[in-house]
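Asks: One structure is given below, represented as structure tokens, and several questions about it will come after.
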Amino acid sequence: MNRLESLLAWTPYLLGGFAWNLLFATVAMLVGTAVGTVLAWMRLSPIAWSRRVSTSLTELSRNIPTIILQFYLALMLPGEAVPAWLKAALALAVAVVGFTSDNLLVALREWRRDRRAAALLFVPSWCSYLLIIVLASSTASIIGVGELVSRSNSLIHASADSSLMVPVYLWASLIFIGFCSPLMAVLGRVRGALARRYSP
């Protein structure tokens, strides 16, 4: 069996790992967006302490390295109660909190100024950030999540053939690219459509 045939045979296994990437990236976006939305509204509050607290939490969420947070959660949260993939999702969600708080704040201000196009641009921006989180989800392999990169490592180790490293990682990269590139093209069209629809 040649290299290409081997990669094709392993593809279902690798795609199963990529499904985990999509799962906890989606959970991270949902959790982070929910918290970030609350912070964005608090930053618009006329109450001074609400603005200060929400701004501080936003800055904190922006400045914590996700990879360090994954290690922290892996050590602090009990493995029996909290699965590794959920720890990875929670770590990634922190970055989403900062993104949502900052960008939704701008969108809400633009909406109040009756600048609909500028406000609605939050939606494709959010979707673009989802793709970034999907790519960042590959770091979850360091805490034992059986996602795409982790499964790629398993295949290389199981084969005991170091020459497979380049083709397997390239194949994994193509899976990420094949998922993200078409969606980025669609999001570009959505941004253009919004700009045309709401242009003066």
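Asks: Using only the Cα atoms of the chain, construct the convex hull and provide its projected area averaged over every direction, in square nanometres to one decimal.
Replies: Projected area, direction-averaged: 13.8 nm².
Asks: Through the Karplus equation 6.51 cos²θ - 1.76 cosθ + 1.60, θ set to phi - 60°, convert the phi angles of region 101-113 into ³J(HN,Hα) values in whole Hz; use x for Gly and Pro.
Replies: Values per residue, Gly and Pro as x: 4, 5, 7, 5, 4, 4, 4, 5, 5, 5, 5, 5, 8 Hz.
Asks: Over the chain, with every protein chain in place, what whole percent of the accessible area is carbon and sulfur at 1.4 Å, could you tell me?
Replies: 69
Asks: Using 1/(1 + (r/R0)^6) with R0 = 35 angstrom and r between the beta carbons of S162 and F71, what's the FRET efficiency to the nearest 0.05?
Replies: E(calc), rounded to 0.05, equals 0.80.
Asks: Can I ask one more? So if we plug the beta-carbon distance of I47 and S173 into 1/(1 + (r/R0)^6) with R0 = 41 Å, what FRET efficiency do we get, rounded to 0.05?
Replies: 0.30
Asks: Taking only protein heavy atoms and a 1.4 Å probe, what accessible area per residue, in Å², does region 18-129 have with all protein chains in place?
Replies: 52
Asks: Using only alpha carbon pairs under 8 Å that are at least six residues apart, calculate the relative contact order of the chain and give it in whole percent.
Replies: RCO, the chain: 29 percent.
Asks: Right, here's the next one. Work out from phi, with θ = phi - 60° and the Karplus expression 6.51 cos²θ - 1.76 cosθ + 1.60, the ³J(HN,Hα) of each residue of region 26-37, listed in order in whole Hz, and give x for Gly and Pro.
Replies: Each residue of region 26-37 in turn: 5, 4, 4, 5, 5, 5, x, 5, 4, 5, x, 5 Hz.
The values are calculated or read from the model by the stated rules, or taken from the named source; none is laboratory data. Note that the structure is a prediction, hence the values are computed from the model and not measured. Here the Cβ is made from the backbone with ideal geometry for all residues, glycine too, and neighbour counts use every protein chain on show. Surface accessibility is based on the protein's heavy atoms, side chains included, excluding ligands, DNA and RNA. Shrake-Rupley method; radii C 1.70, N 1.55, O 1.52, S 1.80 Å.
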